[in-house]
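Here, each number is a calculation from the coordinates, and none is a lab measurement. Since the model is a prediction, treat every value here as computed from it, not as a measurement. No Cβ is skipped: glycine too gets one built from the backbone with ideal geometry, and neighbour counts run over all protein chains shown.
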Amino acid sequence: MKHLTPRRRAAVMGASALALLAASPGTAETLTVAIPTFSEQTMTPWAGSGQRKTYLDLVYDYLVYLDADGNAQPGLATSWEMKNEGQTWTFHLREGVPFSDDSCGTVTAEDVAYSIERIIDEDSRAGPASTMRRVIDSAEVVDEHTVRLNLKAPDFLLATGYMGEAQQVGIVCKSYIEAQGEGADSAMPVGSGPYVVSESVDGSEITLSLREGVEHWRVSPDFDTISFKAVPEEATRVAMLQAGEADIAPVSFDSIPGLEGSDLRIVSAEKTWSPVIRLGGIVQTDPERFNPDNPWADVRVRQAMNYAVDKQTIIDELFQGEGTVANGDTPIAAWDSVEPYPYDPERARELLAEAGYADGFDMTLKTFTTTPGAELPLMAEAVALYWADVGINVTIEPGDWPSIRAEWTSGKPLDFAMTHRGFPFANPENGVEAGFSTKSLFASFTSDTLEEKLAGLGAETDPAKRTQRLTDIGQYLRDEAANVFMVLANEPYGVGPRVGDWGIDTSYVYNFDQAELAE
Amino acid sequence: MLKHLAGRLAEALVALLLMSLVIFLLSRVIGDPVALLLSDSATEADRQMLIAQLGLDQPGWRQYLTFLGNALKGDFGQSVTAGREDALHLVLSRLPASLSLAGIALLFTLVVGILLGVLAAVTRGTVADLAVRLLALLGQSAPSFWLGIMLIYLFAVKLGWLPTSGFGGAVYYVLPALTLGLFTLAAITRLVRASMLEALGSEYVKLARIKGVSEWAVVLRHALGNSLIPVVTFMGTFFATMITGAVVVETVFAWPGIGRLAYESIMARDFPVIQTVVLVITAFFILANLIVDLLYLAIDPRMRARS
């Protein structure tokens, strides 16, 4: 199944005819990127998950971008201001940014307001849709280049959060989508990004072409074409890198030693995910989800479970040293001062004895693999060995994420623990809310004290004090041993010799348009 | 003859109906897509809204009847995840890739398998026979997942003769077809060897030899002709192996067929797509077996006499 609009089909045919005429080597460079999945392979921001950002980030622009340190940088919005205690946000748009389809003209406030309203629409399948709906009341066009967002509740990080490049509000052309009608979800995308989708073959390949005659406001890419291939099997992706069929591909830690010594190199996105062990049944603020019979309902047991594991050794052995010992369940800059639990099996035994478990206890640990996250089952086994050393006997139950997630969010008093991959949220407060707020189905730990702290954070308007409150929450979660914190892990990519300078800073932000052609 | 065919078609419809019920129930046993589609910070209200949107708030029997009624009209529902694409359209668009791979793999296994089987039978007890039997043993015991990755390393990475993976021209078929076909190749080889040995020891072959028919003609015309009947019998099963084997092979070789679609839709608990994939595969099994039945009538005179 190939999607080509008539206009684009003509353009592609024209372009290939030109390419045949002027076929001289080196004029058209293609960057090939092998990724595990295209997810839904739909092309509008609201028609699927954030996994599609690997290719959509090159097609759509966002209002706000982030630099390597996570600071806000102007995007389609050149400036913005927050008023009314975080409940009103005004974005001033960059002028004269052309869409990839001539009929759309340049990006206007109409397009931005439409893009935001569309992504919070009831039938939106975008990951952040439900939480955005709770926050955003309306998007208002003030003038051609000014948009005002009215919020239902204060959001002090809206610009770098939901409107940032790490989320899904890519700006679409309103008139083009409206003309597509019902077929909008399967339509080819029209955005203002540096590339256009020239071909999308279901489940196999997505080809992006650099827009001709457009000097993009953000990047001037080296590659004329970027070809994405969906390759679910990691061993096959590694083989593609080795055979020179792929220039960039995510690889597992296991493959790193095998790739060393060749002309390939490893580029890691640092601390982009955080393997963690979440303990079930400690949503203490909800009687339906709290299971006081779990030994780890006692904070001393949870602390012991943290002390008992030599996390650094696990990082060295399983993660090829690509990570640091975690102090929380997700990498949050405001938590940098929070000290991780050291490896201290003696202390673990003491705490267990104090809690009445001198002889240990039996428990179930469920585990599964994901990408990234092929290491989770091995990590479960390593942790089980360390725990056995202090008397905790673990039965490991391998499963798959869909089943385990369904069980985890079932609203029942759980009696098991699971390995999980924590991800950074573009807005760290969303991450804390997802993991530790009573209203979140996914929450793994809650308490009355924490609810108060979260409410305090929500009401705080002073940015410096907000950071302080966030740090305080991180310290509390650490002291309460809300999870068994494991690793703040990197995400390694294998990179071939044709690629010059290229780096990746954070997850959810894909910058294949910045890959340079090697000299 | 016609009556026989009509009977088989009626059976096929019953089988499809039963299969639709089985797959409907089985796919619901493994969970539902709601937990997967919800974001990490979703609330109970978000979940209820999604359940209603997907029609999962209806009782199971009503969901099934709705599904069945729509399916009879050719509407298999929309994919829960893939941008609400029409499930049947999605499956049919992936079908050519799978069928062409299975077809080429089957053709390859038939030609090579029969040749090797005959070779092993006529050279019984020699080194050649031993080598063929060893190959057959390997083919039937090596997991296709492992075999596929080994072939990729040898032919694509080390030797650079073939592409690692992907969907395209003839060269792209070689490794996946080999991986997909090796199990069946081994089965056909053993089957042909066994039935050739039986045929070569039979009275009619002895008679042909006594009558002075050349050894070539004895082997190829008299013995082989009859030895192929069991191969035809198993053709439907072989085809089934090809399609089910595609789940693994298509994943290893990044082949955009229905095998990978089946795997991905199961992982996403995408009920409409799971149901459609399984029903389409079932329909193909039934069709393949029907064709085998007809072939059987054509090649075996005893069957013709009976019907």
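Numerical summary
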read-out	value
Shape category assigned to region A:283-417 from the gyration tensor of Cα positions, a/c cut at 1.5	rounded
CD proxy at 222 nm, helix term only [per DSSP H run n ≥ 4: -39500 (n - 2.57); per residue of chain A; nearest 500]	-8000 deg cm²/dmol
Simple Cβ-charge dipole of the protein assembly as shown, Lys/Arg +1 and Asp/Glu -1, about Cα centre, in debye nearest 20	4760 debye
Nonlocal amide H pairs with A:Ser138, under 5 Å, H built at 1.01 Å	A:Asn150
Exercise: per-residue mean of other protein chain Cβ atoms within 10 Å, A:237-245	6
Partners for A:Lys453 among aspartates and glutamates (Cα-Cα distance below 15 Å; same-chain residues under 8 apart left out)	A:Glu429, A:Glu433, A:Asp472, A:Asp479, A:Glu480
Between region B:235-303 and region A:49-70, the Cα center-to-center distance that results, in Å	40 Å
Cβ-based charge dipole, the protein assembly as shown, positive-most Cα from A:Tyr65, A:Ala239, A:Pro287	A:Ala239
Length-normalised contact order of chain B in % [C-alpha pairs under 8 Å, at least 6 apart]	26 percent
Mean-position separation - Cα centroids, region A:115-185 and region A:293-318, in angstrom	41 Å
Residues with amide H under 5 Å from that of A:Ile171, placed H, sequence gap 5 or more	A:Asp61
Farthest positive-ward along region B:2-72 dipole, Cα basis, beta-carbon charges - from B:Leu50, B:Thr66, B:Leu36	B:Thr66
Cβ-based net charge around A:Gly456, under 14 Å, with every Lys or Arg adding one and every Asp or Glu removing one	-4
Greater than 30 Å apart at Cα, pairs in A:Lys174/A:Lys465; A:Lys53/A:Lys152; A:Lys83/A:Lys271; A:Lys311/A:Lys465	A:Lys174/A:Lys465; A:Lys83/A:Lys271; A:Lys311/A:Lys465
Sparse-neighbour loop sites [trypsin sites (Lys or Arg not before Pro); region B:209-245; at most 16 other C-beta within 10 Å; DSSP]	B:Lys211
Neighbouring partner chain Cβ atoms per residue of A:400-409, average, 10 Å criterion	5
Region B:105-181: chymotrypsin sites (Phe, Trp or Tyr not before Pro) falling in loop per DSSP and having at most 13 other Cβ within 10 Å	B:Trp161
Cβ-Cβ FRET estimate between A:Tyr476 and A:Glu516, R0 fixed at 45 Å, reported to 0.05	0.55
Under 14 Å, Cβ to Cβ, from B:Phe285 - net charge with Lys/Arg +1 and Asp/Glu -1	-1
Cut-off under 5 Å, modelled amide H: who pairs with A:Tyr493 long-range	A:Val251, A:Val267, A:Ser268, A:Ala269
Dipole magnitude of region B:131-281, debye to nearest 20 (Cβ charges: Lys/Arg +1, Asp/Glu -1, about Cα centre)	460 debye
Stokes-Einstein D (µm²/s) once Rh is taken as the Kirkwood radius of region B:94-268 over alpha-carbon pairs, at 20 °C in 1.002 mPa s	123 µm²/s
Theoretical FRET efficiency, 1/(1+(r/R0)^6), r = Cβ-Cβ of A:Thr106 and A:Asn150, R0 30 Å, to 0.05	0.75
Highest-fluctuation residue, B:Ser141, B:Ser214, B:Ser227 considered, GNM on chain B with Cα pairs under 10 Å	B:Ser214
Selection from B:Asn289, A:Ala34, B:Val247, by position along the positive dipole direction of the protein assembly as shown (Cβ)	B:Asn289
Expected 222 nm ellipticity per residue - DSSP helices of 4 or more, -39500 (n - 2.57), all of chain B, to 500	-25000 deg cm²/dmol
Point-to-point label distance, B:Leu92-A:Ala464, nm (Cα→Cβ direction, 7 Å offset)	6.7 nm
Lys, Arg +1 and Asp, Glu -1 on Cβ, resulting dipole of region A:224-293 about Cα centre, debye, nearest 20	140 debye
Two-site FRET efficiency, B:Lys158 against B:Val112, from Cβ-Cβ distance with R₀ of 22 Å, rounded to 0.05	0.40
Qualifying GluC sites (Glu not before Pro) in region A:22-91, DSSP loop, other Cβ atoms within 10 Å at most 13	A:Glu85
Anisotropy class of chain B from Cα gyration tensor, a/c 1.5 cut	oblate
Peptide ranges A:288-296, A:264-272 listed from the most packed, as the mean C-beta count within 10 angstrom indicates	A:264-272, A:288-296
